[in-house]
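This report concerns only the one structure given below.
Read-outs throughout are calculated quantities, based only on the coordinates presented, and are distinct from any laboratory measurement. Since this is a predicted model, take the numbers as computed values, not measurements. Reconstructed Cβ throughout: ideal geometry from the backbone, glycine too, with neighbour counts over all protein chains shown.
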Amino acid sequence: MMDKTIDLDIRRQDTPYSPPYWQAFSIPYREGHNIVSALMAIREQPITRDGHRVDPVAWEFNCMEEVCGACSMIINGHPRQACSTLIDTLEQPIRLEPLSKFPIVRDLMVDRSRIFSDLKKVRAWIEIDGAWDIHEGAPRISPEAWKENYLYSRCMSCGCCMEACPQYGPEKAFIGPDSLAAVRLMNNHPTGSYHKQQRLHAIMADGGISDCGNAQNCVRVCPKEIPLTTAIGELGRQSTLQLLRDLFGKTQ
Amino acid sequence: MKRPRKVIVIGGGLGGLWAALRVAEAGFQVDIFSLFEVKRSHSVCAQGGINACFDTKGERDSVWQHIVDTLKGGAYLANQPPVKSMCEEAPGLIRTFERMGVTFSRTAEGLMDLRLFGGVKNRRTVFAGASTGQQLLYGVDQEVRRQEALGRVQKYEWWEFLSLVKDGQGVCKGIVVMNLRTMDIKSFPADAVILASGGMGQVFGHRSTNSTNSTGTAACRVYQQGAWFANSEFFQFHPTAMLGDDKTRLMSEAARGEGGRIWVPKDPGDRRKANQIPEHERLYFLEEWYPSYGNTVPRDVASRAIWKIVHEMGLGVGGEDKVYLDLTHLNPGFIEQRLHAILDIYRKFHGADPVHEPMEIYPSAHYAMGGLWVDFENDETDSGMKPGSPRNHATNIPGLYACGECDYGYHGANRLGANSLLSASFSGRVAGEAVSNYLKGLQDDLQAVPEQRFNDEISRQKTINKQLTESQGMENPYTLHHELGELMSSQVGVVRNNTTLQEALSSLQDLGQRSQAVNLRETNTWSNQALVFTRQLQDMIRLGQVITASALARDECRGAHYKPAFDLTAPKDAYPGDPAYEAYRDAWKQQNKKWLKTTITEQSDSGPLISFQPVDLSVLPPEEPRDYR
Ligand SMILES: Cc1cc2nc3c(=O)[nH]c(=O)nc-3n(C[C@H](O)[C@H](O)[C@H](O)COP(=O)(O)OP(=O)(O)OC[C@H]3O[C@@H](n4cnc5c(N)ncnc54)[C@H](O)[C@@H]3O)c2cc1C
Ligand code: SF4
Ligand code: SF4
Ligand code: FES
């Protein structure tokens, strides 16, 4: 009898500049494996299904609890977190590919630095006088407002929504749904709202909110179930109002 | 010409980002180095909360009580002035986080809500849903991004710290780092360096709740260049971690608090499914051994009991290192509502439902109380730590500072839940302020450090890489890491004795040698993760030696360090005033005289060198032993 195995087909690429290729691996079946622990087994014994010893597969991971956002990849065609994807829920052979919207570093690793420069573009921060105590906190926040804000504050910059978004890509300027959600979050903080206008102007520029085609793919893949399209809807209305204010010369 | 002063921060968790922020705000240029985008740092894993006394629950909570709980919880081993300052400044720190936009959970009135956390009587823990660490880190991350946009901070993500560069007087003047994509090795000069590289749970292999960044290797590298470690024998083991091949995941105390029962089959050979084992064939050992507390005994007691069942009595489930944590007898609706976060994580990562079958758990390495030794300056006026003193959080290498979980500052022999997000943030802020003042007092100029010193260190590091990549040994670095984890958790874990610790030391020596004889089997020179990992592995083994040697040196039980041969327990049925109790109190004081000291570990050719330093007990002199009755 053949021992039960876990079969994976992995898209590999040695450097950012070399061509991709596929390799097949089989590891002994174990209950409870997720994609990260399976990749750990492969890096320890990097032998292909037909018995060739190859370079270990490179990938990214840190928390292994679906909260750092590092381990995103395309698993059987869907962008998701490798650490929280259990083997037993997948059809085999399992196909692993790097996210396609970001430059490849090696194998399943990509360079997502653009996510963070876009957060800079939209000024996703609250302007405080300094990181010292001013003997006062922020103004009060109602439990209802908290509940909504909290949904957005869990975005871990994993890149899955950008992978799914038809408007996002290396050749395109669109900042992506996550940056828009960050603007929604900052604008709804009681003092963050003081600089709402600047953030709205940032997303009304090229590559901003008007590039969203409302395809709704983003919200379907977000592992944190962040209501991205709700945020985009709210911001759409606010930017229209802002546009009118800009035309008629009023502030806020 | 005078160049603007520059500071390097290694690590972008809570500690590192706070430090960077305060240095940038003081007007100095900051370079942050991190293994990956700082937003992905291990700090995001903390779920529970962060302590600060707000006394908004009508419980007359006080800052003094926070100080007392922290000091007693740490079995008096922490220097007291820094603890005092940390607890006093905690509310101000939380207010600052709130202004940064952290989404703390709210009361009906719109104030920050407080929850009860282990080991204390009052509600003192603020939290943000079930992801407090993530929210706190994002708060500072946003502020640092703003400083970045203003041109005061530059990030070097995907760079790994390898070593320090010192000038002729031994003052730290820069670092050597490796780019984790191109594998380039480069040097960066600086006027001061702050190390905030996090914890070291990975020394216990996959038997830890920590992320992969918590290898402790950055701290180990500065140790090899002369920095001291302190109190490294103190490691907190969380009793109820869910098992996994990749890591163990924390199941919070709440599971036991809400009625969860811990048990094993009486027959370890029993192969039946848990729910087919009849009641009378189960051993509810906590309930049997601690009738008054039952399953809700404190963390360390629970860890030791599980240890005993598995290692001394051989009753682990199926002969393995695990026991059951059972919720199946509880009302499903009730636990769904009360324990949602736990059920969620177990279902997601184990694929099984704790409502229907018992969870499998085991104690797991969770938090390092010990770490790099750091100084502080006493404030004569209020017996706290002197604000802004350049001595605060300075290591014994001039110009090198440490903060966050990689230092040893605030938790003594054991850490209270929700106190380490606080210490990581507070120490980062203090270190940033200390460094800013250190720079103001600095006379010489960077140009004085000859280029040669940087180049020599670069070539030393390149040689190490070359030797490792060309090594044709037999060993597999990942297999060795498993062995290290098993060794550390079985021999330097929850329960310790000197014979086993001696054996562990020689096994570690052996592992160290084997880790030189590796075969990386990696021909790619781009993003060579096997090379990076092997270098980390070698340093984790060295850290294992530091922890083990320190544990061997301390012949007593204190906090998380438990050596039953030297146990001193209060006499049964005797209370303060009774002669038997007073005799015990005297014995306890004698023990303090001998052992209430900071363990210092220093690198030497013959291995870790141990010495002891007095503890500053000026705030709360130890008069009362801890009494759990
Ligand atoms: C599962 C879990 C739950 C927890 N829950 C709580 C809680 O509820 N409350 C609480 O108070 N505490 C909790 N803790 C503890 C707390 O999270 C940590 O102690 C704290 O976050 C540590 O922060 P840090 O800044 O020191 O390190 P980290 O957040 O670990 O950051 C380390 C940084 O150093 C960098 N780094 C490391 N090595 C190098 C190198 N060689 N070169 C360059 N960069 C490097 C990494 O890239 C990273 O940016 C928990 C811990 C765990 C494991
Ligand atoms: S709704 Fe907008 S952001 Fe979301 S996937 Fe569609 S185009 Fe992209
Ligand atoms: S919005 Fe969701 S999918 Fe997009 S980056 Fe954030 S967490 Fe990932
Ligand atoms: S490893 Fe952090 S999200 Fe998967």
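When B:T103 is evaluated against the numbered criteria (1) of a type in the set (V, I, T); (2) crowded, with 20+ Cβ neighbours inside 10 Å; (3) away from chain A (no Cβ under 14 Å), which criterion, by number, is the only one it fails?
Of (1) of a type in the set (V, I, T); (2) crowded, with 20+ Cβ neighbours inside 10 Å; (3) away from chain A (no Cβ under 14 Å), only one is false for B:T103: (3).
May I ask you to verify whether A:I94 is within 14 Å of ligand 3 (Cβ to nearest atom), surrounded by fewer than 23 Cβ atoms within 10 Å (Cβ to Cβ) and more than 15 Å from B:R40 (Cα to Cα)?
no
Do we find a residue being within 14 Å of chain A (Cβ to nearest Cβ), without any contact (Cβ under 8 Å) to a residue 12 or more places away in the chain and either part of a loop (DSSP other than H, G, I, E, B) or under 20 Å from B:A549 (Cβ atoms) (or both) anywhere in the stretch B:212-233?
Within the stretch B:212-233, one or more residues are within 14 Å of chain A (Cβ to nearest Cβ), without any contact (Cβ under 8 Å) to a residue 12 or more places away in the chain and either part of a loop (DSSP other than H, G, I, E, B) or under 20 Å from B:A549 (Cβ atoms) (or both).
Identify all residues within the stretch A:154-198 that are away from ligand 2 (no atom under 13 Å from the Cβ), surrounded by 19 or more Cβ atoms within 10 Å (Cβ to Cβ) and over 20 Å from A:K224 (Cα atoms); write none if there are none.
A:N187, A:H189, A:G192
Which ones in the stretch B:552-561 are part of a loop (DSSP other than H, G, I, E, B) and surrounded by 21 or more Cβ atoms within 10 Å (Cβ to Cβ)?
B:R554, B:C557, B:G559, B:A560
Please find, within the stretch A:20-62, the residue that is nearest to B:H42 (Cα to Cα) out of those that are assigned to a helix (DSSP H, G or I) and at the interface with another protein chain (Cβ under 7 Å from one of its Cβ atoms).
Within the stretch A:20-62, the match that is nearest to B:H42 (Cα to Cα) is A:V36.
Condition test on B:R391, is it within 16 Å of ligand 1 (Cβ to nearest atom) and either within 24 Å of the chain's Cα centre (by Cα) or assigned to a loop (DSSP other than H, G, I, E, B) (or both)?
no
Could you tell me whether the stretch A:201-223 includes any residue that is within 17 Å of the chain's Cα centre (by Cα), within 14 Å of chain B (Cβ to nearest Cβ), more than 16 Å from ligand 1 (Cβ to nearest atom) and under 23 Å from B:S105 (Cβ atoms)?
yes
Before we move on, is A:S157 among the small types (G, A, S) and in a helix (DSSP H, G or I)? Walk me through it before giving the result.
Details: among the small types (G, A, S): yes; in a helix (DSSP H, G or I): no.
The answer is no for A:S157.
Name the residues in the stretch A:224-252 that are more than 16 Å from ligand 4 (Cβ to nearest atom) and either charged (D, E, K, R) or within 18 Å of the chain's Cα centre (by Cα) (or both), would you?
Hits for the stretch A:224-252 are A:P227, A:L228, A:T229, A:T230, A:A231, A:I232, A:E234, A:R237, A:R245, A:D246, A:K250.
Pairs please, first residue from the stretch A:148-171 and away from chain B (no Cβ under 14 Å), second anywhere and of a type in the set (S, T, Y) and more than 9 Å from ligand 3 (Cβ to nearest atom), Cβ atoms under 8 Å, 6+ apart in sequence or on different chains.
Once the first residue is away from chain B (no Cβ under 14 Å) and sits in the stretch A:148-171, its partners that are of a type in the set (S, T, Y) and more than 9 Å from ligand 3 (Cβ to nearest atom) give A:M162/A:Y168; A:E163/A:S100.
State all residues of the stretch B:246-264 that are within 14 Å of chain A (Cβ to nearest Cβ), of a type outside the set (K, R) and out of contact with any helix residue (DSSP H, G or I) (no Cβ under 7 Å at 6 or more places or on another chain); if no residue qualifies, say none.
Passing the criteria: B:T248, B:L250.
If we keep just the residues of the stretch A:63-75 that are crowded, with 24+ Cβ neighbours inside 10 Å and assigned to a loop (DSSP other than H, G, I, E, B), which is farthest from the other protein chains (Cβ to nearest Cβ)?
Checked the stretch A:63-75; the qualifying residue farthest from the other protein chains (Cβ to nearest Cβ) is A:C71.
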